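In what follows, a single structure is set out as structure tokens and then discussed.
The values are calculated or read from the model by the stated rules, or taken from the named source; none is laboratory data. Remember, predicted model here, so these are calculated numbers, not experimental data. Neighbour counts are summed over all protein chains in view; Cβ atoms, including those assigned to glycine, are modelled from backbone coordinates with ideal geometry.
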């Protein structure tokens, strides 16, 4: 007798579409663009390919590290490297993030690897927030375009934002919150991974054991496909924003003095994507036309951390509370950086 209370079995087609919804979204958007503007579709496809090539080394390295750590059992060693004093751990992570050569999207694969290995969210958040804002080449270019004072202040803002995020998360975790930051199906769902709870001996020559080699291949493929689908969607949206939203129009309203333009620049910097390097000459020109220095700082900080492509990638990795906290800390940190730099320049 059929149990009428039992839910109907899922349909294979619907199940497959749900699993591939991100790829379907990208394909649908590109198809619509192709129908409306074939040349823009070609430009977007070219942009995606170029962006993936530039991000590819970071993606490949992160996938290899994550899959290799799981296959060898070294993930427990990596996680233990981030144990000890939270204060020191967060400080070092923020400092490393402020000096690392990762962009807002390029850092995503590394963050995914760290979280799935069991690295505490407080340290990961510190690195995550600081990393996209500044790196050695960005420091040199910022010094040349906006001046050494601006470059130093932006570096301090990156480290400060990392510290703010790391210590905020540490306090929340101490209160019992954010114990499972990752979404279901990514790693094993939290910062207390199985490798940390029950560490096993490390087997560096994992390819000599079929089971470990199989795990390496499975995890590498799974991680690559997961990150790739979200990066493709992120880069597609980035290409459309660059094509249809003039950066000059976004930033023309950010001049003047006082906290108003700084707050507005912080909000505008969240959805408006500007490549960090391409943004510098534009912001420099606007500053010569009257854009407030604090507004320039808050715009670059907020845009670097929470641009739409980066936010999409973050959303794909973590649960909504962690994502909302990431956005809130970014907004607060960018606003504080802008206000502080404005006071400094006026003094």
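General observations
- Among the residues of the range 25-44, those identified as without any contact (Cβ under 8 Å) to a residue 12 or more places away in the chain and touching a helix residue (DSSP H, G or I) at 6+ places or on another chain (Cβ under 7 Å) are 34, 41.
- The lone exception for residue 97 - which of (1) closer than 19 Å to residue 341 by Cα; (2) at pLDDT 80 or above it fails: (1)
- Boolean, residue 111 is assigned to a helix (DSSP H, G or I), in contact with a helix residue (DSSP H, G or I) (Cβ under 8 Å, 6 or more places away or on another chain) and at pLDDT below 80: yes
- Candidate set: the range 57-83, residues that are part of a loop (DSSP other than H, G, I, E, B) and crowded, with 18+ Cβ neighbours inside 10 Å; chosen: the one modelled with the highest pLDDT: 74
- Identity of the residue in the range 128-159, under 12 Å from residue 96 (Cα atoms) and part of a helix (DSSP H, G or I), that ends up modelled with the lowest pLDDT: 136
- Residue check for residue 125: within 16 Å of residue 306 (Cα to Cα), at pLDDT 80 or above and not in a loop (DSSP other than H, G, I, E, B): yes
- Residue 148 being over 18 Å from the mean Cα position of the chain (by Cα) and surrounded by fewer than 18 Cβ atoms within 10 Å (Cβ to Cβ): yes
- Hey, residue 295 assigned to a helix (DSSP H, G or I), under 17 Å from residue 166 (Cα atoms) and out of contact with any strand residue (DSSP E or B) (no Cβ under 7 Å at 6 or more places or on another chain) or not: no
- Residue check, residue 228 part of a helix (DSSP H, G or I), under 22 Å from the mean Cα position of the chain (by Cα) and either at pLDDT 85 or above or more than 25 Å from residue 317 (Cβ to Cβ) (or both): no
- Residues being at pLDDT below 75, outside any helix (DSSP H, G or I), within 27 Å of the chain's Cα centre (by Cα) and over 30 Å from residue 52 (Cα atoms) - total across the range 171-225: 1
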